[in-house]
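Structure record follows, encoded as C-alpha cells.
Values in this text are rule-based calculations from the coordinates and carry no lab data. Quick caveat: nothing in here was measured; it's all calculated off a predicted structure. Here the Cβ positions follow ideal geometry from the backbone for every residue, glycine too, while neighbour counts run over all protein chains shown.
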Amino acid sequence: MLKSPLFWKMVTLSGCLCVLLIPLTLLSGLIGERANYRNDVTDTLRQSSAGSQKLIGPLIAIPVTETVVSLEKANDSEAPKEVRRKQSYLRFWLPESLMVNGKQQVETRKIGIYDGQIWHNDIEINAEFDPKQLDLKADENVSLGEPFLVLALSDSRGIGQLRTTRLNGEILNVEPGTGLASDLQGVHMPLSTANLQQSLKLSMAFSLSGTGDFSVVPLGRNSEMTLNGDWPHPGFMGDFLPEKRAVSASGFQAHWQSSWFANNLDSKMRAAGALSTSKSWELPAFSVNIATPADQYQLTDRAVKYAILLIVLTYLAFFVFESLTARQMHPMQYLLVGLSLVMFYLVLLALSEHTGFTIAWSVASLLGALLNGVYLQGVLKSWRAGLSFGIALLVLDAVMWSLLNSEDNALLLGTCLLFIALSAVMVLTRKIDWYALSGSVKKIPQPVSDEELRIWK
C-alpha cells in the first residue's frame, strides 16, 4: 500500500488541505479584528451622544417622615421607657394608567468606512393617578413633605426638547435631576401636598435620543406603549414581547401592554430602597433595539467556515478529472488552486467593507472563476476544460451563497450538496479499475467449477 501512487496522491492532497488551514485561520483572525474596529464606532457614538435608554416613570415621590414609638430600657433593673425616633423615606405613587406613544427615526453616522446608528424618539406620555389608591395620610406620627414628579432615564444626555408638561391642564416647572438620593439621571417636577387629594392627569411630550436599546418600565396598573419607527430591522427583546407588531422594508409598528398582575411592579416599588440602587435598571420593561442584520463580517466569517467544503469539492473534481483522463496535476498546482480559493475570501472581506456583501461576493466569484479558468487552461492545455471548471466554480459559489442566506435550511442544503457530489463521484468512477491506478494490480482467482472438484470422473 505504501508503494501505491494513489495512496501517496491522497496523502499529498491531505497535506495541501492542512497547509491551507494556516491562511484560513489567519483570515478568521483578520475578520474578527475588522469587526472589532466596527464595534469601536458604536462605542464612540455612545460616548459622544447617548447610550441605551431605559425610561422609569412618570411616578410621584412623596417624602415621608414617620415617628416610631418603642419601649426600651437601659438595663434589666430599670423599667422600659418610651422612646420616639423619626425615620424618613420616600413613598412612590404609581399611575393608575400609563400610555406611551413614540415615533422613532434612525440616523446613520459614518466614521471612516464604518457606520453606526443613533435613534431619535418623539415621545408623548399620558398618565392618570388615583388618590383612592394612595393609602397614605398625614397624622400625629406621619408628616408629608412636598411631593415631586419623577422621570428617570439611563442617560440624561439624550434628553432633547421638553415641549409640554401639564398636570390637570396646568404647566409644570421641570427641574434637572430626579431629586432622588441615588445616581439615577432624569428630571423632576415639584408638586404641592394639595395634589395628593385629587385625581391627576399628566401629559408630557419630549424628544429623546440614544443608541442601542430603548425601554419603558410599565409602572401603571395598566400600561401600554405604541412605537412607530423607520428602521426595518427592529429587535424586540426585554421582558415583554409586543402584542402586535408589523415589520416592513419601510419600518415597523409595535404595541405593548402589561399590568401589575403580570409584572408585580406595585409591590417592587413599595420595597424599601426602591430606585436607590443600581438594581433599579433591572425592572421589567417594554424594549426594542436597533438591531443590525448579519453584516459583512458575520457573513464573511460564516463563509470562511464553509471554505474547507469548497476546497474539498474542488479537489474532488480535479481528482475525478485525473481519474477519468490521462492528464495528471502536480500537488503544487493543487496547492495554488487552493490558495486562489482562500484569496477569494480575502477579496470578499476587503470589497464588502466598501460595496456591501452581495456585490462583493459577486465580484470575488467572477474574479476567482476567471483566475482559475485561465490557470487551468494552461495546466490542462484545453480552453474547454478551463472554461468548464470556471463555470463549475461559479455554480459552487452560488450554492455557497444559498447556504449563507438560508440559516433555517443551511443543514438541508449542505447535506443535499454533499449527497449530489458523492453521487456524481460514484457514478463517474463506477467503472474505474482502482487497482490499475494504484499500480498494484492483483490477479483475482477464478472460481473452481464443480467438475474440477470431482475426485473421480
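When semi-axes √(5λ) of the Cα gyration tensor in Å is calculated for this entry, the matching label among (1) 56, 23, 22; (2) 37, 25, 22; (3) 74, 27, 20 is (3). For segment 151-163, backbone phi angles converted through the Karplus equation (6.51, -1.76, 1.60; θ = phi - 60°) give residue-by-residue couplings of 9, 9, 9, 6, 9, 5, 5, x, 6, x, 7, 8, 7 Hz, Gly and Pro being listed as x. Loop-located GluC sites (Glu not before Pro) across segment 52-136 with a Cβ neighbour count of 10 or fewer within 10 Å are 78, with loop assigned by DSSP.
With only Lys, Arg, Asp and Glu charged, each at its Cβ (+1 for the first two, -1 for the last two), find how big the charge dipole of the chain is about the Cα centre; round to the nearest 20 debye.
Approximately 2040 debye in magnitude.
What the phi angles of segment 89-95 give under the Karplus curve with 6.51, -1.76 and 1.60, with θ = phi - 60°, is a coupling list of 7, 10, 10, 9, 9, 8, x Hz, glycine and proline written as x.
Farthest towards the positive end of the charge dipole of the chain, among the residues 263, 219, 417, is the Cα of 417, using unit charges on the Cβ of Lys, Arg, Asp and Glu.
Membrane-span-like helices in the chain, defined purely by DSSP H runs whose alpha carbon atoms cover 18 Å or more axially and whose average Kyte-Doolittle hydropathy reaches -1.0, are 5-48, 307-324, 331-355, 357-380, 383-404, 410-428.
Loop-located trypsin sites (Lys or Arg not before Pro) in segment 133-181 (DSSP state not H, G, I, E or B) with no more than 16 neighbouring Cβ atoms inside 10 Å: 137. Pairs spanning more than 25 Å between alpha-carbon atoms, out of 201/244; 54/244; 132/244; 137/201; 54/137; 305/381: 201/244; 132/244; 54/137; 305/381. Among 29-35, 143-149, the peptide with the highest mean count of other Cβ atoms within 10 Å heads the list, and the full ranking is 143-149, 29-35.
With a sphere of radius 12 Å drawn around the Cβ of residue 38, what net charge do the other residues whose Cβ falls strictly inside it have (Lys, Arg +1; Asp, Glu -1)?
Taking every Cβ under 12 Å from that of residue 38, the sum is -4.
For residue 185, the residues 5 or more places off, or on other chains, whose built amide H falls under 5 Å of its own are 153. Summary value for the chain: 15 percent relative contact order, contacts being C-alpha pairs under 8 angstrom separated by 6+ residues. Taking θ as phi - 60° and the Karplus parameters 6.51, -1.76 and 1.60, the scalar couplings of segment 132-139 work out to 5, 8, 9, 8, 9, 9, 7, 8 Hz in sequence order, x denoting glycine and proline.
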